[in-house]
Amino acid sequence: MRITAVDSVIVPQAGRSYVYVLVRTDAGLTGLGEATLMGRERSVREALRDFAELVVGEDPLRREYLWHRVFLSDRRRSGAVQMGALAGIDVALWDIAGQALGLPIHRLLGGPVRDRVALYTHCSVHAPEEVPDAFGPLVDAGWTAAKFLPLVTADEQERGMDVPVAIRQAQRIVQAAREFVGEAFHLLIETHGRLRPDEFIDLARRLEPFDPYFLEEPTRPEAVAPLRRIRRTVNVPLATGERLLHRWDAQPVIDEELVDCLQPDIAHAGGLTEVWKMGVAADAHLIKLAPHNPQSPVNTMASLHLDFALHNAAIQEVIWPFAPEVEALFESDLTIKDGFALPPTSPGLGIALDEAAARALEAAGPAAPPDLLRFADGAPAEV
């Protein structure tokens, strides 16, 4: 069996258009992967065209060889665009292997170590009085965990974020959320790396009484020294990793045990092949894995296969519900019940793309670019 082509299709969505990778073979098998990168989908597509030249004609079952062939092909490697393109190809190769062998991917990774995977989804809440409308539908639907970003109010999205005001408002929002959902519901708090260390430490101390599951992205991924300071100072669980692109990015965070949960994203960090290695390294330090995934059903399925096979996988981020036009593109083996996912049983990823329908959506034109954020003085902030 040989690879004959690497194709891509972009499905426009507001703020985050989905990039799908199709690796075709002369045996009639086509593997599906995802290489979504917010606001950079055209760059990823060009990288996929470059990488196709390296893998066409090769055996698709030589995943480790092909991963390194692509990764080592450029001395200036490992940027988000290149690692995302590699991720899409890698997951598609796992999909082909599972189809060829008649097994779901988690079986190829060693088989399931758990019967179900805990999930969390998202809600949007900008003020304490919005808590019932934000969390009520999730509680009613059986969810037991949700992530939200309480730092930016609706009007601040327009006029800029006043950090001290935002921190005090976040305290009130999280307190209201805890009072509404009770003790058993997990509150996962996003910060997007927007705060400087003293600001994050202030926020963490204010939120500690409300028992957050974790506070995500305490600082920017490049800033390891500030993360050390935060780790020494605060008493809440910390999580980071959505912008770590390979094992070497994650190494200081893992080796120094700077977080409680590592959050690599399969669609960004080189695919299943690389994130598996990051997860195993984290397990050696008893760090939990909570894969990042505000992506489409394809990356969700890839993440779940990892979660079922990796012992330290703790909780999985998912979008719920998907936009109807996106959900309609797929025939999927995904089963969610009461905030948990059940093991996929179909060969490979367990999800198939209606390529014709996806290309019809692509032909309708690109989506609007993601919104940008600024501070109150007009300086750019992390999106």
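What follows draws every value from the coordinates through simple rules; no lab data is involved. Only a predicted model underlies this, so the values are computations on that prediction, with no experimental measurement involved. Here Cβ is always computed from backbone atoms with ideal geometry, including for glycine, and neighbour counts include all displayed protein chains.
When you filter the trypsin sites (Lys or Arg not before Pro) in region 109-156 for DSSP loop state and at most 15 other Cβ atoms inside 10 Å of their Cβ, you are left with R114. DSSP assigns beta bridges within the chain; of those with both partners inside it, close to 50 percent run antiparallel. Taking amide hydrogens as placed 1.01 Å from N in the peptide plane, the amide H of A127 sits under 5 Å from that of no residue at least 5 positions away in sequence or on another chain.
For region 1-78 and region 286-351, write down the distance between their C-alpha centroids in whole Å. What the calculation gives is 20 Å, centre to centre.
What shape does region 192-343 take by its C-alpha gyration tensor, where a ≥ b ≥ c are the square roots of the eigenvalues and a/c under 1.5 counts as rounded, a/b above b/c as prolate, and the rest as oblate? Prolate, because a/c is 1.5 or more and a/b exceeds b/c. Backbone amide hydrogens, once placed in the peptide plane, bring G348 within less than 5 Å of G98, Q99, L103, I105, excluding anything fewer than 5 places away on its chain.
Past the 29 angstrom mark, what percentage of all C-alpha to C-alpha distances in the chain do you count? Numbers along the way, then the final one.
Details: 30151 of 73153 pairs.
Pairs farther apart than 29 Å: 41 percent.
A full extension of the chain between A14 and E183 corresponds to an added length of 57.4 nm, given 0.36 nm per residue minus the alpha carbon distance. Look at the dipole of the chain built from charges on Cβ: of V152, P218, N293, the Cα furthest out on the positive end belongs to P218. Amide H contacts under 5 Å for A313: L289, restricted to partners 5 or more places along the chain or on a different chain, H placed in the peptide plane at 1.01 Å from N.
Binning the C-alpha pair distances of region 121-183 at 5 Å intervals from 0 yields a P(r) profile of 4, 19, 29, 23, 14, 8, 3, 0 %, listed from the shortest bin outward. Please give the calculated 222 nm ellipticity per residue for the chain, where each DSSP H segment of at least 4 residues contributes -39500 (n - 2.57) and the sum is spread over every residue; nearest 500 deg cm²/dmol? That comes out to -12000 deg cm²/dmol.
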